[in-house]
1. All but one of (1) modelled with pLDDT under 85; (2) open to solvent by 50 Å² or more (accessible area, probe 1.4 Å); (3) assigned to a helix (DSSP H, G or I) hold for B:SER86; state the number of the condition that does not hold.
2. Check B:GLN57 against each of (1) free of Cβ contacts under 8 Å to residues at least 24 places away in the same chain; (2) closer than 15 Å to B:ASP117 by Cβ; (3) open to solvent by 50 Å² or more (accessible area, probe 1.4 Å) and name the one condition it does not meet.
3. For the range A:1-86, list the helices (runs of 4 or more DSSP H) that sit wholly inside it and hold at least 2 residues that are open to solvent by 20 Å² or more (accessible area, probe 1.4 Å), within 14 Å of another protein chain (Cβ to nearest Cβ) and out of contact with any strand residue (DSSP E or B) (no Cβ under 9 Å at 6 or more places or on another chain); which are they?
4. Condition first: at pLDDT below 80 and surrounded by fewer than 19 Cβ atoms within 10 Å (Cβ to Cβ). Can you find one or more residues in the range B:25-33 that meet it?
5. Out of curiosity, is A:PHE110 within 13 Å of another protein chain (Cβ to nearest Cβ), aromatic (Phe, Trp, Tyr), open to solvent by less than 60 Å² (accessible area, probe 1.4 Å) and not in a helix (DSSP H, G or I)?
6. I'd like to verify a number: residues in the range B:249-280 that are more than 16 Å from B:ASP321 (Cα to Cα), under 20 Å from the mean Cα position of the chain (by Cα) and without any contact (Cβ under 8 Å) to a residue 24 or more places away in the chain, how many?
7. Would you say A:GLU96 is open to solvent by 20 Å² or more (accessible area, probe 1.4 Å), part of a helix (DSSP H, G or I) and in contact with a Gly (Cβ under 9 Å, 6 or more places away or on another chain)?
Amino acid sequence: MAKNVLLVDDSSTMRKIVSRSLRQAGLDFGDIFEAGDGLEALDVLEKENVDIVLSDINMPNMNGIEFLREKSTRDAIKDIPVFMISTETGDDIIGEAKSLGAVGALKKPFTPDKVSEVLGPFM
Amino acid sequence: MNHPDPDRSLAKNFCEETLGMLDRVEPLVRELVRSGGKQGDAAATLERCFSLAHSLQGSAAFLRYDHLAKVAAAAEQFAAGLRSSSAPVEASHLLLLHDVCTLFRQGIELVRQTGGDDQLAVAAAELAARLLPAEREPTPGPDDDGDLEGFIGQVDGLMQVVERELLLWDLTSVDPGRLAELIDCLEELTALFAHRRYTDLERICRAMANVLRRFHGGEVFQGEYPDKVFLGLVDVLYEGIDAIAAGGDGIILRVEEHLETLQAIMRQPIGELLIRAGLVDPRTVEQALRIQEQARARKKTPKRLGDLLVAMGEVSSEQVDRAIRAGRACPVPSRSGDRQGDRDSDGAVLPVRNGVAAAAGTVAVDREKLQRLLEHLARLEKYRPGMEAPLQELVNGLLRQAEEMATQVR
């Protein structure tokens with residue numbers, strides 16, 4: 001069954017790029033929702049049927065770590081798997097994200113093949 | 001790597017988004033720079049700079065704007081360091097952030113005009129190194145005490161690249177990527193020599209890198225064959241390296257002379273000289289520079305800026321020559337001490353002659369132009385018989401001096 005994805009990033013360019021990578025990865029994705037920060041992401045998760053979240057870490061209003069922390073307190077959405085999208089300089093923070101429930105990470109720039117490799121087991 | 005295609009809509013989105021962020025961040029940075037960090041919210045501005053660099057790094061890396069991504073990565077790390085430090089933000093940090101904004105804007109403009117950021121190579125490498133100076137350290141560096149063979153091997157490898165790029169100067173000079181590689185090699189050599197305290201070799205490499213960076217920044221070479229000057233210095237470097245390999249100390253004879261030769265091949269940008277002389281306006285020079293950039297983008301050797309402005313009908317060749325002469329380095333009376341005169345090499349005060357210290361016994365002049373001046377003067381000879389006595393006397397004096405100078409020149 002096609003999986004619905006939520007992309008969380010304050011850069012609209014990044015959301016478009018990641019969306020395109022997902023489409024090129026050859027996995028069965030359904031709707032792709034977008035949010036500009038953690039707060040918006042929580043809102044989308046409460047309203048829409050989302051199966052997987054891909055989230056940036058550094059964002060205004062509510063960053064990726066705060067988003068994970070807040071999400072873990074909400075029963076309805078706490079089990080939705082979250083993958084962090086990081087840069088080279090964000091390595092140290094991935095550990096913290098995983099301790100808060102993130103199930104994996106993709107390092108920018110990633111290829112559609114990498115998307116397939118990381119997200120495949122969750123499809 | 002199999003990246004998603006950077007199609008037009010993504011590139012357009014990238015440019016618009018980045019410019020939007022720059023429009024919000026730049027005024028804040030500028031205000032902090034102007035006030036020396038006293039006005040404005042430094043913490044909030046740093047946060048915005050970090051976000052700008054972070055967003056730009058991710059998108060630029062995907063879209064393969066590698067030079068923008070490189071600076072963005074360095075700026076992100078730099079801003080993160082400042083953000084987490086308890087020390088106050090210094091003026092030099094703010095200026096660096098300002099430079100980052102300026103380079104991002106130039107990069108976006110390049111992406112819009114050329115579809116890529118290749119021409120940013122040298123400036124990006126330089127700025128990234130300024131943001132994260134530790135990255136300039138040679139890796140791995142040989143120990144001071146041992147592994148001379150390894151050191152020589154490392155140096156030789158870099159020297160071969162430097163020599164190759166200079167031998168292919170016609171190609172290197174119009175290819176920003178090759179120029180960047182050449183500068184990188186010279187910087188690496190500088191660091192290697194500095195690490196082992198071969199100061200003379202270090203200074204020569206640093207000076208070569210600096211001059212090449214100025215060339216890339218739009219300054220022009222004074223002579224027609226700058227590559228010959230550089231290759232001459234490569235020979236000097238090889239002599240020094242050979243001496244080190246044989247157990248010597250790497251001291252270069254007449255190093256100051258070599259450095260002066262190198263500096264002498266640069267002059268002030270002709271555009272600047274013409275603007276200062278009131279012959280063209282900055283917009284015209286910018287237009288001509290854009291034409292040069294377009295030629296470089298097509299891998300063609302651009303016309304020299306002065307020639308281009310002449311071709312555009314903005315100035316005459318004579319005006320360009322005059323501006324170059326006016327801008328060329330010439331001895332300036334020292335302002336130190338009183339108005340009575342300069343001091344000679346022993347420190348004695350020399351008399352002032354028409355406002356210029358008499359110590360200026362030798363001056364740097366262009367040999368060819370002096371030759372032409374002497375030829376003009378020589379032509380006066382045939383008109384001398386018809387001249388009135390005072391004029392004839394003046395011409396006689398001029399011709400006598402011309403004859404003396406001509407003898408020295410020849």
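The values are calculated or read from the model by the stated rules, or taken from the named source; none is laboratory data. Just so we're clear, the structure is a prediction, and the values are computed from it rather than from any experiment. Cβ coordinates were reconstructed from backbone atoms using ideal geometry, including for glycine residues, and neighbour counts include every protein chain displayed. These accessible areas exclude ligands, DNA and RNA; they are computed on the full protein's heavy atoms, side chains included. Shrake-Rupley method; radii C 1.70, N 1.55, O 1.52, S 1.80 Å.
1. Condition (3) is where B:SER86 drops out.
2. B:GLN57 satisfies all of (1) free of Cβ contacts under 8 Å to residues at least 24 places away in the same chain; (2) closer than 15 Å to B:ASP117 by Cβ; (3) open to solvent by 50 Å² or more (accessible area, probe 1.4 Å) except (3).
3. Details: elements: A:12-24, A:38-47, A:64-71.
Hits in the range A:1-86: A:12-24.
4. Yes, there is a match, as at least one residue in the range B:25-33 is at pLDDT below 80 and surrounded by fewer than 19 Cβ atoms within 10 Å (Cβ to Cβ).
5. yes
6. Qualifying residue count for the region: 3.
7. no
So that you can scan it fast, the table gives a plain yes or no per residue for (1) charged (D, E, K, R); (2) over 15 Å from B:VAL25 (Cβ atoms):
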| position | (1), (2) |
| --- | --- |
| B:SER85 | no, yes |
| B:PRO88 | no, yes |
| B:PHE104 | no, no |
| B:ASP117 | yes, yes |
